[in-house]
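Step one of this worksheet: look at the structure below.
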Amino acid sequence: LAPAVPGVPGTAGAKGRAPVVVGERRASEDDLATAQRLGRASSVSVPGGFALLQPTAVASGKVAVVEVFVPDDEVGNGVTTAWVVLAGVGLALVVGSVAVADRLGTRMVGPAERLAGAAHDLGEGKLGVRVPEEGPTELRSAAVAFNSMADQVVQLLANERELAADLSHRLRTPLTVLRLNAASLGEGDAAEQTRSAVAQLEGEVDQIIRTAREQRAQSTGAGVTSGSDAAEVIRERMGFWSALAEDEGREVRLAGVERPVRVPVARAELAAALDAMLGNVFRHTPEGTAFSVDVHSAEDAVIILVSDAGRGIADPAAALRRGHGDGGPGSTGLGLDIVRRVAESTGGDVRLGRSVLGGTEVRVWLALHGGGRFGAVRAHRRTSRRRHGHLLGPLLPGRRRV
């Protein structure tokens, strides 16, 4: 709606022409005059809505006012939708912020709780507990420090037990030599006293071995494992026993130790078990009796065979019972018990039978993957007798001595 402006063509008062009217004017004369005087746009409330008044200069130099009417229905159109959209955006931002805060809190609290739980478990003696090295930099550094500390604790305890085990089998090995020498002393008080002292000393060493094995079994239950090269250990121990075998005129054969054979058994434990088996050969077979040590590697197990050409064992089941001896001098039954403990610590076992040499065969299965040993062991067992006869063969003159 344009008001009449004197002197402006097309408006009332300009040479008698009628005013130009577009639509219906809703703003009052006072509102139009105010907008014209101020020279800027303004809005005023009018019946049924709002009017926007926009002053505009015309060619004559006068100012005309353009009025735009907006009904109340148009003013509120889309406002509700806008508020709903804004509310949804705000809610999404709040939910997202809570989720991010929860993830950040979990990333901080989770590693801290695991570290505290692991420290508590380590304090209770669970030496195998370790903490995942994850989370923020500070907690990751704390986890690394904790794992390093736990490894050092385990290593210190392992060194202590290794010392006890090493002492036990180092003492028992020369004791076997002393017993053999004492047996050749004949009769008399001095000879009997020597044999009695050796037997008493063997009893003390046996007690040391029992204690060391119990401690090592506890370590195994706590998840602390170690490994060794069976071929290297066997070569080392055979280097000792071969000297005694040469003195007694025993022919010895060693096979299957040309390349490394890793087993999940600590070096000291494997050496003690091997010394126990070889000690039984020297203790229970006469001088000049040949024996052999063979190592066979399967997919899931390593098999160690100690065979001799002696008289054999009359009751293998009784010999394998824990703590069972044959009643002979120095026979405590502990030797095979040590061997069985070592085998069972890996999920394997020990069997006694007749060797191809005519005497006793001690067959030790060392499982490489825990419970997965049975398929490979049984398959190997069906063919090992056949292969063993080829591998060992008769100990003919000219065969390799250790």
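The values are calculated or read from the model by the stated rules, or taken from the named source; none is laboratory data. Remember, predicted model here, so these are calculated numbers, not experimental data. Protein only, heavy atoms only, side chains kept; ligands, DNA and RNA dropped before computing areas. Shrake-Rupley method; radii C 1.70, N 1.55, O 1.52, S 1.80 Å.
What to note about this one:
- Inter-part distance where the stretch 23-74 and the stretch 282-319 are each reduced to a Cα centre, Å: 117 Å
- According to the Kirkwood relation over distinct C-alpha pairs, the hydrodynamic radius of the stretch 67-111 is 13.7 Å.
- For the stretch 17-123, accessible area per residue (1.4 Å probe, heavy atoms of protein chains only), Å²: 70 Å²
- Gyration tensor verdict on the stretch 252-299 (Cα atoms; rounded if a/c is under 1.5, prolate if a/b is larger than b/c, oblate otherwise): oblate
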